[in-house]
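The values are calculated or read from the model by the stated rules, or taken from the named source; none is laboratory data. Note that the structure is predicted; figures quoted are calculated from it, not measured. Methodologically, a virtual Cβ is constructed for each residue, glycine included, from the backbone with ideal geometry; neighbour enumeration extends over all protein chains shown.
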């Protein structure tokens, strides 16, 4: 799944990539983390393990607020299950960063399922522009069942931008982040479409 590689290959530095885990990242639920944005587009499940046994939580419900999850105080994340997408699918993750070791200013994950030029299904998530990763539901609805065109991609990107709720901080103003996330959605949609057609497209995090 190229979208997983897109995300993993650009996180922090080699030392952190060799020691950190996806489960640890989502359990922390840092609003600026990379993995929540990707997993929100993948129908992922979190398997939580504690003294009372194991339970499964859809990832879409796992993170409830900044640094807050449904994980009990006596539970651990045992594993995260990601299902393989259907044929003719493509995804992409883009994170815009000032330098490699830092969190993104904004990030976007896109997963498309295509039937020729028609979008059968779409999942779009945005990171670092809210207290949790945000699904761009109106942008997804604009794409489903439609023939993808440059105009439609711009429409979806604008809908995603409007759904973002960023805060100004040291990484940029709220206005800047809204503009940035719209541009990232547009680029990620274009890459996901190409991958759905079978093209091999190399992607890495974007640095200022």
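Some notes on this structure:
- Residue in the range 188-199 that is in contact with a helix residue (DSSP H, G or I) (Cβ under 9 Å, 6 or more places away or on another chain) and within 16 Å of residue 103 (Cα to Cα) present: no
- The range 4-35: number of residues that are in a helix (DSSP H, G or I) and either out of contact with any helix residue (DSSP H, G or I) (no Cβ under 6 Å at 6 or more places or on another chain) or assigned by TED's automatic domain parsing to the domain that holds residue 134 (or both): 14
- Residue tally, condition surrounded by 12 or more Cβ atoms within 10 Å (Cβ to Cβ) and free of Cβ contacts under 8 Å to residues at least 12 places away in the same chain, over the range 57-92: 0
- Only one entry in 122, 160, 183 is surrounded by 21 or more Cβ atoms within 10 Å (Cβ to Cβ) and assigned to a helix (DSSP H, G or I), namely 160.
- Qualifying position, being assigned by TED's automatic domain parsing to the domain that holds residue 48, in contact with a helix residue (DSSP H, G or I) (Cβ under 9 Å, 6 or more places away or on another chain) and at negative phi, among 70, 112: 70
- Test: residue in the range 70-80 that is in a strand (DSSP E or B) and farther than 26 Å from residue 15 by Cα: no
- Scanning the range 36-45 for residues that are surrounded by fewer than 22 Cβ atoms within 10 Å (Cβ to Cβ) and either assigned by TED's automatic domain parsing to the domain that holds residue 102 or in contact with a helix residue (DSSP H, G or I) (Cβ under 7 Å, 6 or more places away or on another chain) (or both) yields 44, 45.
- A residue that is at negative phi, modelled with pLDDT of 95 or more, exposed (fewer than 14 other Cβ atoms within 10 Å of the Cβ) and outside any strand (DSSP E or B) occurs nowhere in the range 93-105.
- Meets criteria (closer than 26 Å to residue 208 by Cβ and over 18 Å from the mean Cα position of the chain (by Cα)) for residue 103: no
- Tally, over the range 159-180, of residues that are touching a helix residue (DSSP H, G or I) at 6+ places or on another chain (Cβ under 6 Å) and under 18 Å from residue 139 (Cβ atoms): 6
- Flag for residue 110 being in a loop (DSSP other than H, G, I, E, B), in contact with a strand residue (DSSP E or B) (Cβ under 7 Å, 6 or more places away or on another chain) and modelled with pLDDT of 95 or more: no
- Residue list for the range 127-152, filter: assigned to a helix (DSSP H, G or I) and surrounded by fewer than 20 Cβ atoms within 10 Å (Cβ to Cβ): 137, 138, 141, 150, 151, 152
- Filtered residues of the range 46-59 (kept if farther than 13 Å from residue 78 by Cα and either touching a helix residue (DSSP H, G or I) at 6+ places or on another chain (Cβ under 8 Å) or assigned by TED's automatic domain parsing to the domain that holds residue 121 (or both)): 59
- Single residue of the range 186-207 satisfying the filter (at pLDDT below 95 and in contact with a strand residue (DSSP E or B) (Cβ under 7 Å, 6 or more places away or on another chain)) that is surrounded by the most Cβ atoms within 10 Å (Cβ to Cβ): 203
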